[in-house]
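Remarks on the structure that follows.
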Amino acid sequence: MTRLKERIATLEEQIQALKMRQRRVDARRRTVDSHRQRREDTRRKILVGALVLTEMERGDYPKEKLLKALDQYLTRPDDRALFGL
């Protein structure tokens with residue numbers, strides 16, 4: 001009976017170790033997904049910004065309209081300074 005209890009204890013330890021390993025794998029997966037989502041979001045913002053700037057340079061989007069929108073949207077002094085606001 002003692003050997004059976006020892007075997008059960010060993011198996012329970014292995015189960016706990018596997019559960020911990022699974023939690024680490026899940027956490028890593030969430031971290032990787034989060035980083036991917038941030039990269040994609042940044043890429044979208046860059047592409048939209050490039051489009052707006054190109055449209056503005058061609059005269060298809062009024063510069064004053066962009067500056068007015070930025071003036072309302074930007075709150076940090078260094079961001080506002082970047083656009084001369």
query = Just how large is the dipole of the chain about the Cα centre, in debye to the nearest 20, putting +1 at every Lys and Arg Cβ and -1 at every Asp and Glu Cβ?
reply = 640 debye
ask   = What's the angle, to the nearest 10 degrees (0 to 90), between helix 2-58's Cα axis and the longest principal axis of the chain?
value = 10 degrees
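Going by average Cβ neighbours within 10 Å, how do the peptides 2-10, 66-74 rank, with the highest at the top?
Numbers: 2-10: 8.9, 66-74: 12.4.
The most tightly packed comes first, giving 66-74, 2-10.
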query = Tilt of helix 63-73 relative to the longest C-alpha principal axis of the chain, in degrees (0 to 90, nearest 10)?
reply = 40 degrees
message = With every atom except the alpha carbons ignored, what do you get for Rg and Dmax of the chain, in angstroms?
response = 27.3, 86
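Hey, with R₀ at 25 Å, roughly what FRET efficiency would ARG43 and LYS63 work out to, going by the Cβ-Cβ distance, to 0.05? Write down the numbers at each step before the final one.
Numbers: r = 25 Å, r/R0 = 0.99.
It comes out at approximately 0.50.
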key: Positive-end residue, the chain charge dipole about Cα centroid, Cβ charges, pick of LEU82, THR42, ALA69   = THR42
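We did not get these values from a lab; they are worked out from the coordinates using the rules stated. Since this is a predicted model, take the numbers as computed values, not measurements. Here the Cβ is made from the backbone with ideal geometry for all residues, glycine too, and neighbour counts use every protein chain on show.
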